[in-house]
Each structure stands twice: as C-alpha cells, then as structure tokens.
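*Asks:* Have a look at this one.
The values are calculated or read from the model by the stated rules, or taken from the named source; none is laboratory data. Note that the coordinates shown come from a computational prediction; the quantities given were computed from them, not determined experimentally. All Cβ positions, even for glycine, are placed from backbone atoms using ideal geometry, and neighbour counts span all protein chains on display.
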Amino acid sequence: MEVRRVQKFGKSTLMVSLPAEWVKEVGLNPGESIYLEVDEDGSLKVYPPNLKSESASKEVKVVVKSASPADLAGRMVYSLYVLGYDKITVESSNGPLNEEILRKVKDAVRSLIGLEIISQDLTTIQIQSFLDPTKYNMNSLINRLSNTLKQMLHYLNLGIKEASRTFLQEVVELEKEVDRLYYLSLRQLLMAQVNRSLAYMIGVKRIQIVGNRILMKAIEEAADEISDAANDLLSLHPEDLEAIKSSWDKIDMLIDQTSVVIDHVIKVLGKEDVKLVNEVIDELETLRRVLITEAIGIEEKIGKLNSQRALVVTRTLNLRLYNAIRRMEPIAEIAFNRSIENLKEIVID
C-alpha cells in the first residue's frame with residue numbers, strides 16, 4: 001500500500017496527487033474527469049473515465065461420457081454461466097455426445113441471456129458468452145423481474161376471466177423469461193462481488209449483494225408459484241375451467257391486490273422511508289388474511305357446481321397466490337433494513 005500526504009491547496013481545499021504509474025496505466029490526461037466513490041467501509045475509490053470492467057476471459061472444459069447424467073450436464077452450464085465463465089467447452093471422452101446430453105446442453109444455452117453455441121461437432125460443443133455486463137444495471141434487472149411477474153398475474157387473471165388456454169400458456173412462457181433474467185442477475189451479482197469496477201458501474205453496493213440475491217430468488221419463486229397455478233388450470237377440461245370462471249369476480253380482486261402489493265414492495269426498496277416500508281409490511285399481512293377469508297367463499301361456490309377437479313385446482317390456486325405473497329415478505333424485510341441502515345438517530349412517534 002502506498003502512502004501519500006494530504007496537502008492544502010488555497011484556503012480550504014485539500015488535495016492529494018495521483019500515482020504517476022496508475023495515471024499512465026489507465027491513460028489519464030490533464031483536464032479529464034475521474035469518478036469518486038465512498039465505499040461502505042469509509043474508503044474512497046477513484047475510477048478513471050475510461051473505466052473498463054473486462055477481466056481475463058474465464059474458460060472451462062466440461063468432460064462427459066456417454067453414460068453421464070444429462071441433467072447434470074445441463075445444470076453445469078447454468079452454474080458456470082452464473083459464475084461468470086465466458087467460454088464453456090463440453091466434450092465427450094468416449095465417442096459422440098449422446099442425444100440427451102446434447103439436448104440438455106442446448107436447452108440450457110437457449111435459456112440464458114447472451115450465451116450462444118459457436119462451434120459444434122460430434123464430440124464437442126463450444127459455448128461463448130457475448131454479454132456486456134456493464135449494460136445491465138442491477139436496479140433495472142430487479143424492475144424487469146418484478147414487472148414480468150406482474151404481467152404473469154395479469155395473464156393469469158385474463159386466462160380465468162376468459163377461460164382462455166392461450167392466456168394461461170402466456171403465463172408459463174413469461175415464467176421462462178423470469179428465469180432468464182434471474183440467472184443473468186445472479187451472474188451480474190457474483191461478477192460484481194469480485195470486480196469492484198463493474199459493481200460501481202451497475203449500481204451494486206457490496207453491503208447489498210446478499211440482500212439482492214435473496215430478493216431476486218424471492219421473485220423467481222413467486223413466478224414459479226404463478227406458473228404452477230397456470231399449469232394447474234391448463235390441466236382442466238374446458239367445462240371445469242368454465243366452473244372456475246364463474247367465481248372470477250372474487251379471484252380478480254385477489255389477483256389484482258396481489259399485483260398491487262408486489263408493486264409496492266419493489267418500489268419501497270429504493271426509498272429510505274421506514275414508515276412507508278412498515279405500511280407495506282402491514283399491507284402484506286392484511287392481504288394474506290383477506291386471501292384466506294375470500295378463498296373459503298370461492299371454494300364453497302365452486303363446490304356447489306359438482307366439479308371435483310375444479311374445486312381441487314381452485315384450492316391450489318388460492319394456495320399458490322398465498323405463497324406468492326409470502327415470497328414478498330423477505331423483500332419487504334430487506335427494504336426495512338435498508339431504510340434504517342444509514343440513520344444516526346431513529347425516532348418512533
């Protein structure tokens with residue numbers, strides 16, 4: 001660590017010179033601006049104007065056999081992507097890649113933003129990431145995740161209102177987009193954890209990395225609940241779906257309120273307003289109680305229609321909405337903690 005003396009410049013300005021070696025390395029010229037960031041530990045970071053986040057390309061080879069579990073090969077691609085690898089080579093050690101491994105690897109590549117197969121032969125697949133991580137701001141990714149989740153609820157509502165399999169299938173397709181954004185967000189977070197320059201550029205504070213990972217997982221799990229609800233409805237015969245449609249007015253209220261509370265939870269993340277966050281936490285608890293009460297009435301109405309399958313799916317629909325709301329609670333807790341973490345005095349009135 002190099003030590004430099006702080007000098008006085010003029011009446012009140014303090015200054016410290018920049019190391020000549022660093023100035024030369026980053027190509028800094030007189031008159032250019034630099035960026036300063038106060039870190040959570042009180043240290044000051046200095047960034048050049050031509051800040052680059054690129055580091056050495058991370059490459060890895062995955063060697064498989066014809067008898068290797070195909071699911072494991074596909075899961076390996078997901079994990080290596082999240083860990084920030086730029087080039088992944090999947091290679092067979094005993095003849096051509098078997099059909100199932102080939103399919104799982106290709107499905108994984110198609111499911112991940114910025115990943116492409118650049119070369120393939122009978123025994124080898126080469127996969128390359130073409131992501132520019134500096135273009136994916138963390139707050140925008142969180143907003144995209146929550147907006148897609150709300151779109152899923154919107155189409156779920158329409159699917160029940162119109163007894164439409166098309167709208168319900170759209171819910172399932174949107175859940176795939178949530179997964180794509182989720183994996184991209186994890187990749188960004190883990191790369192930001194080891195690359196402070198990238199963290200600065202995409203708006204990731206070190207103290208918030210764990211919280212961001214928890215909240216993104218919560219949104220992804222809520223999306224799973226809504227997608228499962230759509231799949232349950234898609235499994236019904238048309239007459240059973242029509243039976244559930246008869247209670248749409250009550251279901252509409254529950255889905256609409258779920259969408260509203262999700263919106264409120266995400267919005268308070270960026271506000272340092274402890275009272276507002278506390279109101280959202282109360283709102284979550286109230287909605288859970290309302291859902292339980294309304295679910296009883298909905299199930300009683302469906303039960304009178306002598307459609308046992310429709311009744312079962314209605315119960316699971318209510319449960320999945322309840323679970324989606326519960327997934328928002330960790331996010332609200334994170335928002336609460338962030339609203340007070342920088343306070344010097346807390347007054348409760």
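*Asks:* Write out, first by first residue and then by second, each pair whose Cβ atoms fall under 9 Å of each other, whose residues are 6+ apart or on separate chains, and whose first residue, in segment 19-30, is more than 21 Å from Val6 (Cβ to Cβ) while the second is assigned to a helix (DSSP H, G or I).
*Replies:* Short answer, once both residue conditions are applied: Asn29/Val23.
*Asks:* Working only within segment 194-238, note down all residues that are among the charged types (D, E, K, R), part of a helix (DSSP H, G or I) and either at pLDDT below 95 or under 22 Å from the mean Cα position of the chain (by Cα) (or both).
*Replies:* Correct list: Arg196, Arg206, Arg213, Lys217, Glu220, Glu221, Asp224, Glu225, Asp228.
*Asks:* All but one of (1) in contact (Cβ under 8 Å) with a residue 60 or more places away in the chain; (2) under 24 Å from Lys205 (Cβ atoms) hold for Ser43, so report the exception by its number.
*Replies:* (1)
*Asks:* Turning to a different aspect of this structure: Just one of Ser185, Ser146, Ser164, Ser140 is in the same structural domain as Asn212 (by TED's automatic domain parsing), of a type in the set (S, T, N, Q), surrounded by fewer than 21 Cβ atoms within 10 Å (Cβ to Cβ) and touching a helix residue (DSSP H, G or I) at 6+ places or on another chain (Cβ under 7 Å); which is it?
*Replies:* Only one candidate qualifies: Ser164.
*Asks:* Within segment 163-204, which residues are of a type in the set (Val, Ile, Thr) and closer than 24 Å to Leu241 by Cα?
*Replies:* Thr166, Val171, Val172 - these are the residues of segment 163-204 that are of a type in the set (Val, Ile, Thr) and closer than 24 Å to Leu241 by Cα.
*Asks:* If you don't mind, another one. Testing Ala332 on (1) among the hydrophobic types (A, V, I, L, M, F, W, C); (2) farther than 26 Å from Gly203 by Cα; (3) touching a residue at least 60 places away in the same chain (Cβ under 8 Å), one condition comes back false. Which one is that?
*Replies:* (2)
*Asks:* Answer with yes or no whether Gly42 is loosely packed, with under 10 Cβ neighbours inside 10 Å, at pLDDT below 80 and either assigned to a loop (DSSP other than H, G, I, E, B) or in contact with a strand residue (DSSP E or B) (Cβ under 6 Å, 6 or more places away or on another chain) (or both).
*Replies:* yes
*Asks:* With respect to Leu158, is the statement that it is part of a helix (DSSP H, G or I) and in contact (Cβ under 8 Å) with a residue 60 or more places away in the chain true?
*Replies:* Taking the combined requirement at face value, the residue does not satisfy it.
*Asks:* With respect to Glu299, is the statement that it is surrounded by 15 or more Cβ atoms within 10 Å (Cβ to Cβ) and either at pLDDT 95 or above or over 24 Å from the mean Cα position of the chain (by Cα) (or both) true?
*Replies:* Considered against the rule, which asks whether it is surrounded by 15 or more Cβ atoms within 10 Å (Cβ to Cβ) and either at pLDDT 95 or above or over 24 Å from the mean Cα position of the chain (by Cα) (or both), Glu299 comes out as yes.
*Asks:* Please indicate, with yes or no, whether at least one residue in segment 84-100 is assigned to a helix (DSSP H, G or I) and more than 27 Å from the chain's Cα centre (by Cα).
*Replies:* Taking every residue of segment 84-100 in turn, at least one turns out to be assigned to a helix (DSSP H, G or I) and more than 27 Å from the chain's Cα centre (by Cα).
*Asks:* Does any residue in segment 204-231 that is in the same structural domain as Leu153 (by TED's automatic domain parsing) come within less than 7 Å, Cβ to Cβ, of a residue that is among the hydroxyl-bearing types (Ser, Thr, Tyr) and crowded, with 21+ Cβ neighbours inside 10 Å six or more places away or on a different chain, and which pairs are these?
*Replies:* Here the result reads Met216/Ser185; Ile219/Ser146, each pair linking segment 204-231 to a residue that is among the hydroxyl-bearing types (Ser, Thr, Tyr) and crowded, with 21+ Cβ neighbours inside 10 Å.
*Asks:* Okay, moving on. From the list Ile262, Ile266, exactly one residue is in contact (Cβ under 8 Å) with a residue 40 or more places away in the chain, under 17 Å from Leu156 (Cβ atoms), aliphatic (A, V, I, L, M) and crowded, with 20+ Cβ neighbours inside 10 Å. Which is it?
*Replies:* Ile262
*Asks:* Oh, and also: Can you name the residue in segment 91-124 that is in contact with a Ser or Thr (Cβ under 7 Å, 6 or more places away or on another chain) and not polar (S, T, N, Q) and, of all such residues, is surrounded by the fewest Cβ atoms within 10 Å (Cβ to Cβ)?
*Replies:* It comes out as Gly95.
*Asks:* Just for segment 89-132: of the residues that are touching a residue at least 12 places away in the same chain (Cβ under 8 Å) and among the small types (Gly, Ala, Ser), which one is nearest to Arg180 (Cα to Cα)?
*Replies:* Ser111
*Asks:* Another question, then. Which ones in segment 302-317 are surrounded by fewer than 20 Cβ atoms within 10 Å (Cβ to Cβ) and in contact (Cβ under 8 Å) with a residue 40 or more places away in the chain?
*Replies:* Selection gives Leu305, Arg309, Thr316.
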